[in-house]
Amino acid sequence: MSEDKFLEGRNVVLEAFRSGKTIDKLYILNGCKDGPVQTILREAKKQDTIINFVAKERLDQLSQTGHHQGVLAQASAYAYASVEDILEKAREKGEPPFIFLLDGIEDPHNLGAIIRTANLAGAHGVIIPKHRAAGLTATVARTSAGALNYTPVAKVTNLASAIEQLKKEGLWFVCADMAGTPMYSLNLTGPIGLVIGNEGEGVGKLIKSTCDMTASIPMKGDIDSLNASVAAGVLAYEIVRQRLEKL
C-alpha cells in the first residue's frame with residue numbers, strides 16, 4: 001500500500017476536481033461506464049489528468065477506507081508552478097537560470113531528495129514530466145524537508161519540447177550519463193539545465209539527443225552507478241563550484 005493517501009469515492013473525487021484541486025492520477029474500475037463515472041472522466045480530461053483503468057484488485061490494494069466505489073484519485077500535495085515561474089525566479093535574483101530536469105524519476109523519495117538538493121544548490125526550479133514519473137505527493141513533500149515551499153516544480157507533457165523552448169531562453173543542457181565526458185572537463189557555468197534520468201535506465205535517448213553535453217561522474221568502486229538523487233547532488237555541486245569560481 002502507498003504511503004500517500006488517495007481521495008476515495010465518487011462524490012469526494014468529483015468535488016476535488018470541481019474545487020480546482022490538482023489531481024495527478026485518477027484510477028477507475030475497468031469497464032465502469034455509468035453516469036457519475038463519466039462525469040468524473042469529463043472533469044479529469046479538462047484538467048488533463050492521467051487516467052488509469054484498473055482491476056478491482058488494484059483499487060482494493062490502493063484503498064485505505066475500503067469504500068472506493070470504483071474511483072480513486074491521487075491529489076498533488078503542492079500546486080505546480082509553470083516553467084515561466086522558474087525563469088522569473090532567476091530574473092528576480094539577477095542570476096543565470098539553473099534548472100533541474102528529471103527524466104522519469106519514479107521513486108517519490110528520490111524526487112523529494114532531488115528537490116531538497118536543488119534548493120540547497122541554489123537552483124531556481126525543477127521540471128518533471130507528466131507521465132511515468134512521481135508527482136508532488138505527501139511523501140515527496142516530506143522527503144524534500146521543506147524545500148517544496150521554496151523551490152518551484154513545473155510539470156510538462158513533453159520534456160524534450162520544454163528543453164527546446166528553454167534553449168531559446170539561452171540555456172545549455174547537460175545530462176548525466178556514465179559514458180559522458182568527465183564532469184570536471186566541462187564548462188558548466190552560465191544558464192544551465194541539469195538533466196537527471198530514471199533510476200534504472202538513465203536519461204532516455206530522445207532527451208539525451210536534445211542535450212548539449214553529457215557528463216559522467218568519476219567512480220572508483222566496484223559497482224557501476226549512483227542513486228539518482230546522489231548523482232544529482234554530485235553534478236549540481238560541480239555546477240555550484242564552477243559558478244563560485246567565476247564570481
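The values are calculated or read from the model by the stated rules, or taken from the named source; none is laboratory data. Owing to the predicted nature of the structure, the values given are computational and were not obtained by experimental measurement. As a convention, Cβ positions derive from the backbone with ideal geometry for all residues, glycine included, and neighbour counts pool all protein chains shown. For the accessible areas, the whole protein counts, side chains as well, though only heavy atoms, and no ligand, DNA or RNA atoms are used. Shrake-Rupley method; radii C 1.70, N 1.55, O 1.52, S 1.80 Å.
Values as computed for the structure displayed
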| quantity | calculated |
| --- | --- |
| Selection of trypsin sites (Lys or Arg not before Pro), the stretch 152-247, meeting DSSP coil and at most 16 other Cβ within 10 Å | Lys168, Lys220 |
| Amide H within-cut-off set for Thr214, under 5 Å, with H built and near neighbours excluded | Cys175, Thr181 |
| Ile127 long-range amide H proximity, modeled H, under 5 Å | Phe100, Leu101, Leu102, Ala154 |
| Accessible area of the chain belonging to carbon and sulfur atoms, whole % at 1.4 Å probe | 51 |
| Whole-number accessible area per residue in Å² for the stretch 26-92, which is evaluated in the context of all protein chains at 1.4 Å | 54 |
| Sequence-separation-based contact order of the chain, relative, with Cα cut under 8 Å and 6+ spacing, percent | 18 |
| Choice from Gly170, Gly94, Gly204 with maximal GNM fluctuation in the chain (Cα, 10 Å cutoff) | Gly94 |
| Rounded if a/c under 1.5, otherwise prolate or oblate - the stretch 26-82, Cα gyration tensor axes | oblate |
| Within the stretch 168-247, GluC sites (Glu not before Pro) in DSSP loop having at most 16 other beta-carbon neighbours inside 10 Å | Glu169, Glu199, Glu201 |
| In the stretch 1-65, GluC sites (Glu not before Pro) in a DSSP loop with at most 13 other beta-carbon atoms within 10 Å | Glu3 |
| Hz values of 3J(HN,Hα) by residue in the stretch 31-43 - Karplus curve (6.51, -1.76, 1.60), Gly and Pro given as x | x, 7, 9, 6, x, x, 5, 4, 5, 4, 4, 4, 5 |
| Average projection area in nm² (convex hull over Cα atoms of the chain, one quarter of hull surface) | 14.5 |
| Ratio of Rg to Rh over the stretch 157-207 (Cα coordinates, Kirkwood Rh, two decimals) | 0.97 |
| Pairwise centroid distance, computed over Cα atoms, of the stretch 1-66 with the stretch 95-136, Å | 26 |
| Fully extended contour minus Cα-Cα distance, from Lys93 to Val54, at 0.36 nm per residue | 9.5 nm |
| No Cys partner within the rule (Cβ under 4.7 Å), the chain | Cys32 |
| More than 17 angstrom apart: percent of Cα pairs within the stretch 18-59 | 30 |
| Considering only the chain, percent of DSSP beta bridges that pair antiparallel, nearest 5 | 20 |
| Mean Cα-pair separation over length for the stretch 106-171, i.e. relative contact order, pairs under 8 Å, 6 or more apart, % | 40 |
